[in-house]
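Visitor: The following block contains the structure, expressed as structure tokens.
The values are calculated or read from the model by the stated rules, or taken from the named source; none is laboratory data. Here the structure is a predicted model, which means the values were calculated and not measured. Side chains included, ligands, DNA and RNA excluded: accessible areas come from the protein's heavy atoms. Shrake-Rupley method; radii C 1.70, N 1.55, O 1.52, S 1.80 Å.
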Amino acid sequence: MLPFTPATRMLIRPDWVKEAWCPDNSTCADGMKTAAQHANKNGWAQFLYSAYAMVDRNAALDNALACTPDDGNTLTNTMHWIFTNQQASANA
């Protein structure tokens, strides 16, 4: 998933993110949601929430804002990705 650029939208599909996130709240120990929760408050979680913006922009935004940006990623880049994501804007 790295780096998040406009071309990333061609590589990451919302249906894949939704399935990998385990939206049905089932036990999914290796899912993206669990990984983001374990990585919460560090830069890696911000990348996972950036991907989740393709499914639920508002939830991704709230969680990404609570994270500390990674040395190789900026909050500006994350916010740009979340707010310009066309798939997410249809759900917001």
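Visitor: Roughly to the nearest percent, how much of the accessible area of the range 32-80 is carbon and sulfur, given a 1.4 Å probe?
Guide: That share works out to 52 percent.
Visitor: Give, in nm to one decimal, the length gained when the segment between Thr68 and Leu11 is fully stretched (0.36 nm per residue of separation minus the Cα-Cα distance).
Guide: Residue separation times 0.36 nm, minus the Cα-Cα distance, leaves 18.0 nm.
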